[in-house]
1. Report D for chain A in µm² per second (integer): Stokes-Einstein, Kirkwood Rh on Cα pairs, 10 °C, 1.306 mPa s.
2. List the relative contact order of segment A:490-578 as a percent without decimals, with contacts defined as Cα pairs under 8 Å and 6+ residues apart.
3. Give me log10 I(q)/I(0) at q = 0.04, 0.07 Å⁻¹ for the protein assembly as shown, Debye formula, one equal scatterer per alpha-carbon, no solvent.
4. What value in Å³ per residue do you get for the convex hull of the alpha-carbon atoms in segment C:4-178?
5. List the GluC sites (Glu not before Pro) within segment C:25-83 that DSSP assigns to loop and that have no more than 16 neighbouring Cβ atoms inside 10 Å.
6. For a quick check: with amide H placed at 1.01 Å from N, whose amide H comes under 5 Å from A:Asp480's, ignoring anything fewer than 5 positions away on the same chain?
7. Can you give me the angle between helix A:407-416 and the longest principal axis of chain A, using Cα atoms only, in degrees from 0 to 90, rounded to the nearest 10?
8. Find which of C:His122, C:Ala88, C:Phe46 sits farthest along the positive direction of the dipole of segment C:43-179, computed with +1 on the beta-carbon of Lys and Arg, -1 on that of Asp and Glu, about the Cα centre.
Amino acid sequence: MTRPLTRRQFLKISAATFGAAAAASELRPIAQAVAADAPAAKGVTATPTFCEMCFWRCGGIAYVRDGRLWKFEGNPLDPQSRGRLCPRGTGAVGSYYDPDRLRKPLIRKGERGKEQWQTASWDEALGFIAERMNKIKQQYGPESVAMFNHGIGVRFIQHVLKSWGAINFAGPSFAQCRGPRDVGFTLTFGTGLGSPEPTDIANTDCLVLIGSHLGENMHNSQVQEFAQAVERRIPIIVVDPRFSVAASKAKYWLPIRPGTDLALILAWCNVLVSEGRYDKAFVDKYGKGFDKFVQEIRQYTPQWAEAETDIKAETIRATALEMANARPAVIVHPGRRVNWYGDDSQRSRAVALLNALLGNWGRKGGLFSQAGIKVAGYPLPPYPQSGRPLADNPNRERYPFADEAVTTGIRDATLTGKPYPIKGWFVYSSNIVQALPNQAETLKAIDALDLLVVIDTVPSEIAGYADVVLPEVTFLERYDELLAGWGRRGWIALRQPVMPAPHDQKPGWWIAKQLAAKLGIPESMPFDDIEQYLRARIEKSGYDWDKLKREGIIMGPKQPTTVEEGLELSFETPSGKVEFYSEQLKARGFDPVPKYKRHSTAPDGYFRLITGRAPVHTFSRTQSNPLLGDAMRENEIWVNGATAKKLGLANGQYVRLKNQDGVVSNRVRVKATQRIRPDTVYMVYGFGHTNPMRKSAYLKGASAAQLTTRYETDPLMGGTSIHSNFVTFVKEA
Amino acid sequence: MLEITTTRHNPLVDPHLAVWSWEIPLYLFVGGIVAGLMILGGVALLRLARGEDPKGYFSLHAPITAFMLLNLGMLALFLDLAHKLYVWAVYLTLQPLAPMSWGSWVLIIVYPLLLVSALIRLPEAWPWLAQRVPLLARWSDALLASSRALRALAWTNIVLGVALGIYTGILLSTMVARPLWNVSILGPLFLVSGLSAGAALLHLMAALMRPQRPAPQGPIAGAIGALIQPLGKEPPAKETANALIRADIGFLAVELLMLGLLLIGLVTSSASHAAAFELLMSGKFAFAFWGVLVALGIVIPLALQGLELAHRIPHTLVPAVLVLIGGYTLRWLMVNAGQMSQIVQAAVR
Amino acid sequence: MARFGMVIDTRKCVGCMDCVVACQTENDVPVGYARDWITTEVRGEFPNLTMEIRSERCNHCDNPPCVYCCPTGASHVEDFGKTVQVNANRCIGCKACVSACPYGARFVHPKGYADKCTFCLHRVKEGKDPACVSVCPTHCMVFGDLDDPASEASRLLRTRKWHTLLPEAGTKPRVFYLT
């Protein structure tokens, strides 16, 4: 039975976990918000670690003063933070003191979703999990337990599950975020872009952002370099229906009609080719299928694009020439969360092709080749071989070009039982009720499960449906796997605990080790504690463990990352060249060169809903962090001023949004502004929590995820679109 | 078009200043009455010094009432403080540029001054006290006998009364940040308003007093009797009431003029001042200003008292009560609208 | 004697609020209160728009109305750096200074005294920059001695266009915004 997620489905973890603990007064300094038996040592200690407030993983130094966690600052040695953290990192102290933190393991009693819990010991909770897992293994096979995850802390839990025989692991970051981009670039250049993207903004002479709103999306090192680019007064071109912070610093702001970005990109390619301003030498040396490519894009003139995109042809031409003038030190930023309309891998391929025409691959000021660092492994037993296909994309038939697992594919398998039933889910640090499109499908899938285990630091919406909730410590209280970073130089970063766990929370590696014992495979975790594991890896690689503990960072060797530094370009495509025309796409029945198709338009009285990021929040994770929640308590719905006036909406007024399928959101404040197109509305993603235990976040703002009931799926790689929904306004009575 | 956003949401500061609530308008009102009573009481003392009106009740009731109201006012001030345990810090120094510092010291001097002023005739009105503390009776007689001492007391009352009545208006008017207050007429306006409220209160008391003979004895009854009864056999003379009415008409007329000057000053000063004028003329403030302060609190009592003097209508307490309502409303308006007033951003730079 | 001020490049500022959060952790500012904040000003009509983003705080004015109105001298100008500071042990919580500040930079601390940005004097005395300046990922903030012509702050004021906030208030603020 499908249960739509209504506001009445609360997460009532309170009775079980908090007992008589008083809610923290908002007026006290955050250090007092959570009672902790911290040692009252005097003085200040500084411990280097790396941040997990988002996936950038900047190195930082945590300060403890008189036994209380004081502040978190950037580690000057870290090549990403360069001594300065973003506001989420700076606010990481708040995650330690988050009054809504999970405290003890919980086992569900009563119906799933009714949120009746009993606290359990770790022994009980893990025993429960192991028993259910073994039942599933007997009845269906170990492949029927799947995992959704986001974050480095999943490493050992994933390892234990693999050792047990699980094979289905997916992160929303592929199909619900950067997957289409990496597939588009792989089809063109033979490699994806990884994380962080190798954009040499520090040295570029022209930066093009399509949808990317650096400064509001807070990719630390990229924002730092973006600010340098602004200071150097290079031409910046921003394509966005909204006047973002980045747009306000740009030479050109192209307020594009949403859904038409591919038209613009193809028109840019057209201009570069027809005016001969592309990098001929690069194309001649490294390109394949260029002539066929030119044939395909001939139709996409600026004049044609003007009608589609609502951007003047002269502007399209001028901006293309601006890029050409800066060659090869020009970047058309590939973006990150690019799963907008369902044809996103093709649009990303068009971005890749545009970069290829500009010849910036492996060039200074363009897209460089990342350097890494070698770290010795730790001897671990091999994984068992499974005869079965992966459930999300069996034999790569469904999504031929997906090179990572597709979360929604696993959800589909859970719903349909094909290619085989999925009966258990582990969800690590990912609020998949919000992350996956169409919440109703996720809830229906959960109904089919025999086991749902959620491991997280705060009670997210998904935790409300779990059979077992396991509280993990925050990154400030644990060791994790070593970070081996890729960038202009590789580096190793160490995460080590700064504070003791305030309650009965445990780190991921410990959970994994206990679970391995319960599953009868203790040999999969052959070290007593993780320090032993990490130290062995470091020392085997020839580095000094104590130095690493003191400094937090080991830099890798210098390697050529650009042609200017001596890099030799090579492309791991089928042809060994940059594929302007993709035979492998053609062979599978897809467009070998991206083709523009119009997307659905808004019904009368509706507006396309687009979403983005705020610099103080990470997805739906940080809203109950006392510092970050206070910085931005709720999101707003951005409406063009003239549109608002026509609809009788006042700035600051609360309304509800109703989407094309009749789903009505929580109350959200109107921001009537000139900073957005009249036909579009915008809000920051991650708000509108329906879990009353996240008191400070409960029902604050509206949930974009709740309104994402309609979605298109990218046929190449399974990406699901986020901007396919339209909303209208429902005024409060 | 100009859109301004801020992330700041400090309590009592955003979305607009709201640090002072009921305590401050109450203190300003009460303080203004005390100032008025001191000045009028001082004038009464001068007459006493000249040998006129020996049983005039102003010289007793003005300082006693003022003393009680002062306690109420200072309690309100104390309650307003956010850091109460440190209140003594204001008496460690005199900050020459801070009207509040001057005011704090004035209040400390006014306190015993009012006590002394009340004590002059208290033994007369409260026989129980005279019996219990003969020293007081002797001292009171000595004071009453010395016209020099009486004159000194009178002028001290008048001068400190003016200081008390004017300093709060000056305090507010120094704040550039609050354009509504940032007009130099505010101090004199508060003073004149205090005078008219003081006169109204005395008028009210005079009208309500009835002599009771014999005078009540004992501590409690005697104290209360001293306060609410006139000295002597007769209720206050009609001339007293008329004098008060004439004085009040004068004060109200001047106050009306000053309010007019306030509005003109706002409109003709900077854009921020003009915006403050608009604020005052909007919503609930407009009603309070025109309906309560100007109409009920000034114009109507002015007219009524004029008609009373001309014997066209009987003498009632209505004008006095209306003046008091108007006096409080002026303070309420200034404190609330003033906190909402701020320097306006230029739309074009 | 030094006279400290700040110079902030509004072109580079992205309004990320790092300065706000860093100040809160560095100075144990109670949750719900902020000593600094982000203001945005947008001018024009779609699609012809400009936006200025500013990190604002107490301006440590040369002509500080909050100091003049204080009845106890708790609000005072410190010799070191000529910054405006509050001595909590002399503050009675009368809130005149909160009313007197045209920038709304002060607030009433839950403990009862007036509170605001201190230019992180405790850090400056150790040779460090204020927390907000040190954390800013765009490096848009510079702190220094305005009376020293060789300081980075002075150099920027000589070579770039700048404005202050509410100059008409006559407060002579010491935080400058480069445009």
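1. 60
2. Details: 43 pairs, mean separation 32.9, N = 89.
Over segment A:490-578, the number comes to 37 percent.
3. -0.31, -0.79
4. Details: hull volume 22.7 nm³, N = 175.
Per residue, the Cα convex hull of segment C:4-178 comes to 130 Å³.
5. Details: sites: C:Glu26, C:Glu41, C:Glu45, C:Glu52, C:Glu56, C:Glu78; in loops: C:Glu78.
The qualifying sites are C:Glu78.
6. Placed amide hydrogens put A:Arg495 under 5 Å from A:Asp480.
7. Long axis of A:407-416 versus the principal axis of chain A: about 70 degrees.
8. C:Ala88
A short reminder: the numbers here are calculations on the coordinates, not readings from a lab. All values derive from a computational prediction rather than experimental measurement. Every residue, glycine among them, receives a Cβ derived from its backbone with ideal geometry; neighbour counts consider all protein chains shown.
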